[in-house]
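The block underneath contains the structure these notes are about, expressed in structure tokens.
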Amino acid sequence: MGCVHGKCCGRYPQSSDGDLRDFRDAGPYSAQRKHILSERSLELVPVPSHDFRLEYSLLTQRGYYPDSPDKENQDSFCVRTQVRGNPNVHFFGVFDGHGQFGTQCSNFVKDRLVEILANDPTLSADPVKAYNSAFLTTNYELHNSDIDDTMSGTTAITVLVIGNTLYVANVGDSRAVVAVKDGNRIIAEDLSYDQTPFRKDEYGRVKLCGARVLSVDQVEGLKDPDIQTWGDEESEGGDPPRLWVQNGMYPGTAFTRSVGDSTAEKIGVVATPEVSVLQLTPNHLFFVVASDGVFEFLSSQAVVNMAAKYSDPRDACAAIAGESYKLWLEHENRTDDITIIIVHIKGLSNSGGGVTDGTSGTNNRPATRLRKVSESSVTTGSEVFLSVRSDSSEVQSCQLVLSMNRSPAIVVPSPACQSPWSCD
């Protein structure tokens, strides 16, 4: 869900049945019924410090915009394995651009964020501090680049794997979720929390920074601006609360944090991430990193339920993207861009080869639940964050990675198989 002038907010005219039929009839298989995703590599990277491996795939799909058929996919992604040459440090990120120059913004942040993070000398001793610094430095660089980010920017949801610990940094309303085996159930546990005016803490913070928080109907005078009757984010539908300057009809952002958006920054839209930490256990099966094009009509649990049906993350990505696309077209006459990364956690055991995090000789702590280790302080335009120090240490040398062509058309998976995750 982007700015009011961006890809997610326009009220598009009804397209013809022919337009939708032509799109829906584009099948996922060739004449030989070869799976489209067979050309996509299934990547596998070991984490030798704890003797497990990550098996992952991703998919990005341009949205369907009947009034802008040539509109670019504004989503981007970054997967970097062996950050600075360390085989136990890996980075996964999804960036959802918005506004006129949203594609340029998301690509800029995709490239710069991981570079700045990898080269931060504090990364090993304090990943949370390094994450905060990387986001703010990237934001500063974007403001001072040749890209016009006055009314454009990007959200960012990123996961840094260091040994058996996940560090999740989020700015905006994309999302990361982990699947947890709990007896005979698989539970979705959010690793990030959407930063929107629906959240009371974020609402209060941007109000103190001078933002008006109103829906489009309220700001256009169709509803009383003094009566806040928003439901929750799951049920509100197409007219969520947005941020506006005091005496203008802009910028209309439906999120409260982003990278870029220099105009919205003046009313409290900041690039400071919320960072959470999770120590993995054998009960953590996989995690999902995705843009809000996935979560607009699918809950975190629904996404995990679908992903758990497939042993191959390529099929899981395709199934979730296809279902997301279908739901968009059932509710509206267009879709958002959709990007999803699914990472399976394979072979992790309680004792496993790891007594370290892979970057030092420190002992593992007992398994812990998700910890939110940074919190914003509601003050006047700036943010104060508290962080918990990590025990990880030096990370070295550098290696880049994944380049994958964007999907030209939506794909669907091969027929559903039985869930590969045994719950006995």
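The values are calculated or read from the model by the stated rules, or taken from the named source; none is laboratory data. Since the model is a prediction, treat every value here as computed from it, not as a measurement. All Cβ positions, glycine included, derive from the backbone under ideal geometry; neighbour counts span all protein chains shown. For accessibility, only protein heavy atoms count, side chains too; no ligands or nucleic acids. Shrake-Rupley method; radii C 1.70, N 1.55, O 1.52, S 1.80 Å.
For the reader, a short list of remarks on this structure follows.
- Out of F52, F101, sole residue that is in contact with a Leu (Cβ under 8 Å, 6 or more places away or on another chain), within 30 Å of E115 (Cβ to Cβ) and either modelled with pLDDT of 95 or more or among the acidic types (D, E) (or both): F52
- When we screen K372, K346 for residues that are at pLDDT 95 or above, surrounded by fewer than 17 Cβ atoms within 10 Å (Cβ to Cβ) and basic (K, R), the only hit is K346.
- Residue pairs whose Cβ atoms lie under 8 Å apart, separated by 6 or more positions or on different chains, with the first residue in the stretch 280-303 and over 15 Å from K181 (Cα atoms) and the second among the β-branched types (V, I, T) and open to solvent by 10 Å² or more (accessible area, probe 1.4 Å), do not occur.
Results for (1) open to solvent by 10 Å² or more (accessible area, probe 1.4 Å); (2) touching a Pro at 6+ places or on another chain (Cβ under 7 Å), shown as yes or no for each residue.
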| position | (1), (2) |
| --- | --- |
| N132 | yes, yes |
| R175 | yes, no |
| V180 | yes, no |
| D201 | yes, no |
| R205 | no, no |
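- Boolean, K71 is among the basic types (K, R), assigned to a loop (DSSP other than H, G, I, E, B) and open to solvent by 10 Å² or more (accessible area, probe 1.4 Å): yes
- Of the criteria (1) open to solvent by less than 60 Å² (accessible area, probe 1.4 Å); (2) more than 17 Å from the chain's Cα centre (by Cα); (3) among the aromatic types (F, W, Y), which one Y250 fails: (1)
- Condition met for L123 (of a type in the set (A, V, I, L, M), open to solvent by less than 30 Å² (accessible area, probe 1.4 Å), closer than 30 Å to N350 by Cβ and assigned to a loop (DSSP other than H, G, I, E, B)): yes
- Members of the stretch 272-300 that are among the β-branched types (V, I, T) and touching a helix residue (DSSP H, G or I) at 6+ places or on another chain (Cβ under 9 Å): T272, V275, V277, V288, V294
- Scope the stretch 74-107; condition more than 15 Å from the chain's Cα centre (by Cα) and within 25 Å of F287 (Cα to Cα); matching residues: R80, T81, Q82, V83, R84, G85, N86, P87, N88, V89, H90
- Check on S145, surrounded by fewer than 24 Cβ atoms within 10 Å (Cβ to Cβ), touching a helix residue (DSSP H, G or I) at 6+ places or on another chain (Cβ under 8 Å) and assigned to a loop (DSSP other than H, G, I, E, B): yes
- Unique match (being touching a residue at least 40 places away in the same chain (Cβ under 8 Å), β-branched (V, I, T) and in contact with an Asp or Glu (Cβ under 6 Å, 6 or more places away or on another chain)) among T138, T155, T150: T155
- Residues in the stretch 169-208 that are assigned to a strand (DSSP E or B) and charged (D, E, K, R): R175, K181, D182, R185, E189, D190.
- Note on the stretch 254-307: residues that are surrounded by 24 or more Cβ atoms within 10 Å (Cβ to Cβ) and polar (S, T, N, Q) amount to 3.
- Restricting T229, T256 to residues that are free of Cβ contacts under 8 Å to residues at least 40 places away in the same chain and among the β-branched types (V, I, T) narrows the list to T229.
- In summary, helices (runs of 4 or more DSSP H) completely within the stretch 253-320 and bearing 3 or more residues that are in contact with a strand residue (DSSP E or B) (Cβ under 7 Å, 6 or more places away or on another chain) and not β-branched (V, I, T) occur at 292-295, 300-307.
Here is a yes/no grid of residues against (1) at pLDDT below 90; (2) crowded, with 19+ Cβ neighbours inside 10 Å:
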position: G6; (1), (2): yes, yes
position: D25; (1), (2): yes, no
position: Y56; (1), (2): no, yes
position: Y64; (1), (2): no, yes
position: F77; (1), (2): no, yes
position: Q82; (1), (2): no, yes
position: N88; (1), (2): no, yes
position: F91; (1), (2): no, yes
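- Pairs with Cβ under 8 Å, 6+ apart, first in the stretch 310-334 and over 27 Å from H344 (Cα atoms), second aromatic (F, W, Y) and assigned to a helix (DSSP H, G or I): R334/W328
- Boolean, F95 is within 23 Å of D315 (Cβ to Cβ), touching a strand residue (DSSP E or B) at 6+ places or on another chain (Cβ under 8 Å) and open to solvent by less than 20 Å² (accessible area, probe 1.4 Å): no
- Subset of the stretch 215-238 (residues that are at pLDDT 80 or above, assigned to a loop (DSSP other than H, G, I, E, B) and under 22 Å from M151 (Cβ atoms)): S215, E220
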